[in-house]
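The structure appears right after this line, and notes come after that.
The values are calculated or read from the model by the stated rules, or taken from the named source; none is laboratory data. In this text the structure is predicted, and so the values were computed from the model without any measurement. Reconstructed Cβ throughout: ideal geometry from the backbone, glycine too, with neighbour counts over all protein chains shown.
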Amino acid sequence: MANFVVSGTPHVRSKESIQSIMRDVIIALVPASVMGIYFFGVRALMIIVAAVASAVFFEWLYQKIMKKPVTINDLSAVVTGLLLAMNLPVATPIWVPIVGSAFAIIIAKQLFGGLGQNFINPALAGRAFLVASYPTEMTSWTSAGNFGADAVAVATPLAQLKGGVIPDASFTDVLVGNIGGCIGETCAVALIIGGIYLIAKHVISWKVPVIYIATVFVLTAAIGRNGLRVPTYELFTGGLMLGAFFMATDYASSPVTAKGQVIFALGCGLITTLIRIFGGYPEGVSYSILIMNLCVPLIERFTEPTIFGALPKVKEAKKA
């Protein structure tokens with residue numbers, strides 16, 4: 001008589017783990033990190049190290065204090081710290097990434113139950129907190145390769161577009177990252193390479209980044225800023241590539257259904273464009289993703305698939 005092993009769900013298992021997925025995200029961020037350090041110097045490396053180390057520390061500290069299992073080995077805190085650092089200007093003081101990591105890990109992640117329970121992207125929440133609390137430190141831009149005693153304050157290409165001026169950066173400079181901006185968002189080529197790696201490894205779906213980027217392209221080409229229709233600058237400068245590939249695709253704060261992902265991406269693209277063109281801030285990626293994170297429960301409510309084998313709901317007969 002054959003023996004049968006009965007186990008709980010799920011019955012289909014994968015070799016992937018949280019740690020392996022986070023490791024792939026870190027690998028995908030390496031090209032952008034290297035280019036950020038190349039253009040902005042050792043100061044960029046210091047900010048990255050400070051953000052990552054403090055994120056890991058605050059996760060460990062919170063879990064120790066609350067007597068919860070320590071999960072820093074899953075590398076999710078490393079990813080949060082790294083993404084936060086990618087969203088910071090190189091001129092920001094070292095204490096800024098530490099404060100941002102504390103908010104991202106403790107407030108946006110752990111207080112809601114930890115990894116998988118956070119309803120907004122922790123790194124973006126940390127960045128939004130820093131922008132609201134320390135606007136001067138978060139909007140001080142320097143030209144690439146020119147930080148230190150000879151640092152020169154510059155306007156980012158998106159800020160120039162906001163002012164009705166065609167950016168003075170060449171398209172080559174825009175692609176490789178030789179422009180002012182946050183540490184990890186300037187090199188579009190590096191971010192695209194990292195995004196393709198994640199798609200090829202099946203860590204993320206192509207739907208969200210492709211539809212998000214395409215929506216911004218179409219809307220900015222149609223509307224423009226102050227009469228300027230230069231969608232290439234809208235795509236390859238600012239945080240669009242970083243946000244589309246690495247933050248809008250966060251598992252915990254984005255839809256799981258295919259229809260939901262399409263709606264989510266369209267919403268991100270629409271809000272990004274509206275903020276960039278009609279808002280007072282030249283960039284809108286962070287806030288667009290955070291706003292759409294809040295809409296995910298509603299999106300999934302209306303896009304959830306029918307359960308296999310479930311009977312259709314029968315409406316109650318109207319009373320005579």
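Need pairs with beta-carbon distance below 6 Å; first residue within 17 Å of Trp60 (Cα to Cα) and within the range 93-108, second part of a helix (DSSP H, G or I) and acidic (Asp, Glu); sequence gap 6+ or separate chains.
Within 6 Å, the pairs are Ile105/Glu59.
Scan the range 271-292 for residues that are assigned to a helix (DSSP H, G or I) and closer than 16 Å to Gly238 by Cα and jot them down. Quick ask: steps written out before the conclusion?
Step one: of the range 271-292, the residues assigned to a helix (DSSP H, G or I) are 271-278, 285-292.
Ile271, Thr272, Thr273, Leu274, Ile275, Arg276, Ile277, Val285, Ser286, Tyr287, Ser288, Ile289 - these are the residues of the range 271-292 that are assigned to a helix (DSSP H, G or I) and closer than 16 Å to Gly238 by Cα.
Out of Met46, Met22, I need the residue that is touching a helix residue (DSSP H, G or I) at 6+ places or on another chain (Cβ under 8 Å), at pLDDT 90 or above and aliphatic (A, V, I, L, M). Which one?
None of the others qualify; the one that does is Met22.
Take the residues in the range 220-254 that are β-branched (Val, Ile, Thr) and not in a loop (DSSP other than H, G, I, E, B); name whichever of them is farthest from Ala32 (Cα to Cα).
Ile223
Can you tell me which residues in the range 288-302 are over 15 Å from Ala258 (Cα atoms), of a type outside the set (S, T, N, Q) and in contact with a helix residue (DSSP H, G or I) (Cβ under 8 Å, 6 or more places away or on another chain)? Steps first, please.
Filtering the range 288-302 for residues over 15 Å from Ala258 (Cα atoms) gives 288-295.
When the remaining residues are screened for being of a type outside the set (S, T, N, Q), the result is 289-292, 294-295.
Once the filter is applied, which keeps residues that are over 15 Å from Ala258 (Cα atoms), of a type outside the set (S, T, N, Q) and in contact with a helix residue (DSSP H, G or I) (Cβ under 8 Å, 6 or more places away or on another chain), the range 288-302 yields Ile289, Leu290, Ile291, Met292, Cys295.
Going residue by residue through the range 57-74, is there one that turns out to be assigned to a helix (DSSP H, G or I) and of a type in the set (Lys, Arg)?
Applying the first criterion (assigned to a helix (DSSP H, G or I)) to the range 57-74 yields 57-65, 72-74.
Of the ones still in play, those that are also of a type in the set (Lys, Arg) are 64.
Yes.
I'd like to know if the range 241-261 contains one or more residues that are in contact (Cβ under 8 Å) with a residue 24 or more places away in the chain and in contact with a Lys or Arg (Cβ under 6 Å, 6 or more places away or on another chain).
So far as the range 241-261 goes, yes, one or more of its residues are in contact (Cβ under 8 Å) with a residue 24 or more places away in the chain and in contact with a Lys or Arg (Cβ under 6 Å, 6 or more places away or on another chain).
So which residues in the range 279-299 are modelled with pLDDT under 90 and either in contact with a His (Cβ under 7 Å, 6 or more places away or on another chain) or surrounded by 10 or more Cβ atoms within 10 Å (Cβ to Cβ) (or both)?
Initial filter on the range 279-299 (modelled with pLDDT under 90): 279-284.
Within the range 279-299, Gly279, Tyr281, Pro282, Glu283, Gly284 qualify.
Taking into account only those residues within the range 177-204 that are surrounded by fewer than 19 Cβ atoms within 10 Å (Cβ to Cβ) and not charged (D, E, K, R), which is farthest from the chain's Cα centre (by Cα)? Spell out the reasoning first.
Filtering the range 177-204 down to residues surrounded by fewer than 19 Cβ atoms within 10 Å (Cβ to Cβ) leaves 178, 189, 193, 196, 199-202.
From what's left, not charged (D, E, K, R): 178, 189, 193, 196, 199-200, 202.
Numbers: Asn178: 21, Val189: 17, Ile193: 16, Ile196: 15, Ile199: 15, Ala200: 19, His202: 18 Å.
Per the stated criteria, the residue is Asn178.
Do we find that Phe217 is buried (at least 24 other Cβ atoms within 10 Å of the Cβ) and either out of contact with any Phe, Trp or Tyr (no Cβ under 9 Å at 6 or more places or on another chain) or in a loop (DSSP other than H, G, I, E, B) (or both) in this structure?
No.
Given the structure, is Thr232 hydroxyl-bearing (Ser, Thr, Tyr), over 17 Å from Asn121 (Cβ atoms) and modelled with pLDDT of 95 or more?
no
With Leu161, Leu115, Leu198 as the choices, which residue is outside any helix (DSSP H, G or I), touching an Asp or Glu at 6+ places or on another chain (Cβ under 9 Å) and in contact (Cβ under 8 Å) with a residue 60 or more places away in the chain?
Leu115
Scan the range 242-259 and tell me whether some residue there is surrounded by fewer than 24 Cβ atoms within 10 Å (Cβ to Cβ) and either farther than 25 Å from Gly194 by Cα or of a type in the set (Lys, Arg) (or both).
Yes, the range 242-259 contains at least one residue that is surrounded by fewer than 24 Cβ atoms within 10 Å (Cβ to Cβ) and either farther than 25 Å from Gly194 by Cα or of a type in the set (Lys, Arg) (or both).
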